[in-house]
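Quick notes on the structure that follows.
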Protein chains: 2
Amino acid sequence: MLKRPYLLFVGDAPDLLAAKSAAGVWQWRPELCVGQVRLCGCRAELPLPVMSIEEGAAAGARTLIIGVANAGGFIPDFWIDTFLQALEAGLDLANGLHDRLSDRPVLVEAAAKRGRRLLDVRHPSRAFGVGTGEPRSGRRLLTVGTDCSVGKMYTTLALEREMRARGMDAEFCATGQTGIFISGGGVAVDAVVADFISGAIEWLAPAAAEGHWDLIEGQGSLFHPSFAGVSLGLLHGAQADVLVMCHEPTRRHMRGLPNRAMPDLQACIETNLAAARLTSPHVRCIGVAVNCSGLPSAEAQAYLGRLAEDLGLPCVDPLVDGVAPLVDRLTP
Amino acid sequence: MLKRPYLLFVGDAPDLLAAKSAAGVWQWRPELCVGQVRLCGCRAELPLPVMSIEEGAAAGARTLIIGVANAGGFIPDFWIDTFLQALEAGLDLANGLHDRLSDRPVLVEAAAKRGRRLLDVRHPSRAFGVGTGEPRSGRRLLTVGTDCSVGKMYTTLALEREMRARGMDAEFCATGQTGIFISGGGVAVDAVVADFISGAIEWLAPAAAEGHWDLIEGQGSLFHPSFAGVSLGLLHGAQADVLVMCHEPTRRHMRGLPNRAMPDLQACIETNLAAARLTSPHVRCIGVAVNCSGLPSAEAQAYLGRLAEDLGLPCVDPLVDGVAPLVDRLTP
């Protein structure tokens with residue numbers, strides 16, 4: 001679990017996309033962010049005070065979140081001085097890159113000396129058991145998708161916000177690094193050993209009180225040939241009462257695979273429901289969350305209307321329309 | 001890759017089931033086995049000469065295979081002396097247990113001193129890329145199953161034997177530890193990081209000459225809630241032209257899950273074909289391999305006959321009838 005509040009390290013991010021992890025934390029948990037730390041050449045700026053490490057510590061930050069990514073997922077040497085300052089100032093470091101803080105002896109030594117933690121959240125810090133698929137109490141919602149990066153995390157967080165606003169007992173369960181920063185815990189399921197995918201999700205969203213909803217962030221797609229194994233293990237481990245399908249209508253091919261067409265939305269819903277029934281026989285899909293940011297707004301409304309009619313389900317853009325029509329379909 | 005021939009360590013195995021890895025190597029590759037090493041209390045005996053380490057080395061063995069398993073998958077301390085003798089005698093050690101030889105400093109030191117290898121085959125020794133699902137040349141067959149441990153490895157090896165007897169260019173591709181011992185290489189796919197399941201199989205069975213068949217050992221089942229993610233990633237990575245369904249008709253519930261019924265065989269075939277089509281649109285199922293060892297032989301024949309009629313597919317017990325009717329259905 002990450003100590004709060006956070007200081008967001010955006011490093012030398014060339015644009016906001018490179019800092020999307022920091023941007024996600026700021027967007028969904030602004031109250032947890034005291035400021036941002038930028039290095040020379042940084043072109044991503046969040047609407048947060050720019051601070052030195054010392055200023056961040058003085059403002060109460062307990063964790064420096066490395067909220068910037070580069071193509072290789074590595075930690076460049078010129079970030080290390082800033083990280084040492086943060087440890088010296090009493091902050092933990094939280095890192096979502098593939099590269100590990102704990103592989104840098106200079107950081108390990110400094111952290112040990114100051115009693116601070118190096119949290120490589122992309123790599124599981126614990127062992128999991130295998131999943132069992134045994135029925136468990138509580139209620140669970142899982143976001144699934146036609147593809148990777150179609151808005152599953154944003155949709156899940158929007159659902160949490162809407163449900164809490166209605167007084168429902170709902171909790172976001174993170175399965176990727178940005179989600180882990182936002183919620184302060186979770187498991188990066190794509191980094192779990194294959195045998196334990198469903199077991200890790202059973203651990204993440206365990207048996208709970210009957211009125212409680214765990215809202216589980218989905219990953220990948222059953223139709224993405226690189227990652228479908230992760231998606232299926234996640235689906236079985238989630239034992240979801242309810243699925244929300246996520247989609248991005250302007251995408252021309254599956255992410256990272258120029259020769260692979262996007263799946264049909266209706267077929268994708270049916271395939272997910274069929275697979276989910278293995279551990280949740282009464283699962284249903286309550287609607288579709290569409291990231292319409294690539295469409296002109298008039299076109300977006302027409303598209304959502306047509307889709308809702310075709311599928312017979314509420315279809316919304318979570319960041320434009322909100323997700324109330326989806327939450328309306330949850331029985332209390 | 002494992003150096004041949006092998007000396008099989010059965011340790012203090014209380015029965016042949018505990019030594020099933022050694023038994024599998026002996027059954028499928030007797031020509032690679034020079035003898036067996038037994039410790040005090042061992043109750044598993046293979047029809048192979050019992051040897052000391054020195055006798056095995058003198059007989060030409062290059063690798064000591066740890067072909068015995070216990071419930072926790074750990075290496076007891078009283079095995080270590082024998083392993084040190086093997087390193088001293090010039091043998092590599094190959095281990096399929098969860099516990100690692102490379103975590104034992106005394107073994108690491110002895111291996112380094114003698115220039116020998118500690119092969120923890122259950123843990124991948126290399127990194128994999130993510131799968132792409134791009135079409136690749138060559139032909140591939142994958143064994144799939146209604147459950148875990150229903151004979152996928154034995155069926156795949158029986159297919160290799162039959163195809164080679166017919167002069168076909170066919171190669172067994174191992175995805176589990178016993179299979180790796182038998183073939184001398186492969187990848188324990190359930191131990192791969194989740195993101196790379198399909199990528200590991202694309203690496204294991206890469207593009208090949210058009211007449212070449214890779215026969216890929218399946219794992220788990222799409223209907224096993226603990227492991228279906230592994231099975232799906234394997235199915236997508238295999239990009240199989242042909243599936244063979246494996247089944248065990250006397251099993252009352254899914255392996256390890258007393259409350260979970262076995263899936264319907266026809267539904268299991270259809271679900272596997274539907275999922276396989278994502279990366280292999282023309283995939284077909286050529287038949288069913290049934291482990292009938294739990295049925296009286298008259299009943300077994302009647303069962304196979306009924307099943308063949310119901311499914312419209314050849315149904316055989318590979319170890320009783322052989323797999324010729326399956327290979328007949330492969331177009332050359």
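The values are calculated or read from the model by the stated rules, or taken from the named source; none is laboratory data. From a predicted model like this one, the values you see are computed outputs, not experimental measurements. Counting neighbours? That spans all protein chains shown, and the Cβs are built from the backbone with ideal geometry, glycine included.
Observations
- When A:Leu273, A:Leu311, A:Leu265, A:Leu304 are screened for being without any contact (Cβ under 8 Å) to a residue 24 or more places away in the chain, in the same structural domain as A:His224 (by TED's automatic domain parsing) and touching a strand residue (DSSP E or B) at 6+ places or on another chain (Cβ under 8 Å), only A:Leu304 passes.
- Residue selection: A:Pro5 fails the criterion of being exposed (fewer than 15 other Cβ atoms within 10 Å of the Cβ) and either touching a Lys or Arg at 6+ places or on another chain (Cβ under 7 Å) or not assigned by TED's automatic domain parsing to the domain that holds A:Ile182 (or both).
- Filtered by the rule that a residue be part of a helix (DSSP H, G or I) and over 23 Å from the mean Cα position of the chain (by Cα), the stretch A:311-325 gives a lone residue, A:Leu311.
- Filtered by the rule that a residue be in contact with a helix residue (DSSP H, G or I) (Cβ under 7 Å, 6 or more places away or on another chain) and over 12 Å from A:Arg29 (Cα atoms), the stretch A:172-190 gives A:Phe172, A:Cys173, A:Ala174, A:Thr175, A:Gly176, A:Gln177, A:Gly186, A:Val187, A:Ala188, A:Val189, A:Asp190.
- Within the set B:Phe196, B:Phe181, the sole residue that is out of contact with any Asp or Glu (no Cβ under 8 Å at 6 or more places or on another chain), within 14 Å of another protein chain (Cβ to nearest Cβ), surrounded by 24 or more Cβ atoms within 10 Å (Cβ to Cβ) and among the aromatic types (Phe, Trp, Tyr) turns out to be B:Phe196.
- Residue list for the stretch B:275-310, filter: closer than 30 Å to A:His224 by Cα and assigned to a helix (DSSP H, G or I): B:Ala275, B:Ala276
- Going through (1) in contact (Cβ under 8 Å) with a residue 60 or more places away in the chain; (2) closer than 17 Å to A:Ala194 by Cα; (3) surrounded by fewer than 17 Cβ atoms within 10 Å (Cβ to Cβ) one by one, B:Ser125 falls short only on (1).
- Any hit, the stretch B:165-188, residues being assigned to a strand (DSSP E or B), more than 30 Å from B:Asn259 (Cβ to Cβ), of a type in the set (Gly, Ala, Ser) and modelled with pLDDT of 95 or more: yes
- Scan of the stretch A:200-252 for residues that are more than 17 Å from B:Thr132 (Cβ to Cβ), among the polar types (S, T, N, Q) and within 13 Å of another protein chain (Cβ to nearest Cβ), ordered by number: A:Gln219, A:Gln239
Residues checked against (1) in contact with a Gly (Cβ under 7 Å, 6 or more places away or on another chain); (2) in a strand (DSSP E or B); (3) touching a residue at least 60 places away in the same chain (Cβ under 8 Å); (4) more than 26 Å from A:Glu162 (Cα to Cα):
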site: A:Lys3; (1), (2), (3), (4): no, no, yes, no
site: A:Val10; (1), (2), (3), (4): yes, yes, no, yes
site: A:Pro14; (1), (2), (3), (4): no, no, no, yes
site: A:Ala18; (1), (2), (3), (4): no, no, no, yes
site: A:Trp26; (1), (2), (3), (4): no, no, no, no
site: A:Glu31; (1), (2), (3), (4): no, no, no, no
site: A:Leu46; (1), (2), (3), (4): no, no, no, no
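- Scanning the stretch A:29-43 for residues that are under 27 Å from A:Val187 (Cα atoms) and surrounded by fewer than 22 Cβ atoms within 10 Å (Cβ to Cβ) yields a total of 6.
- Among (1) part of a loop (DSSP other than H, G, I, E, B); (2) among the hydrophobic types (A, V, I, L, M, F, W, C); (3) over 12 Å from A:Tyr6 (Cα atoms); (4) at pLDDT 95 or above - the single one A:Leu87 does not satisfy: (1)
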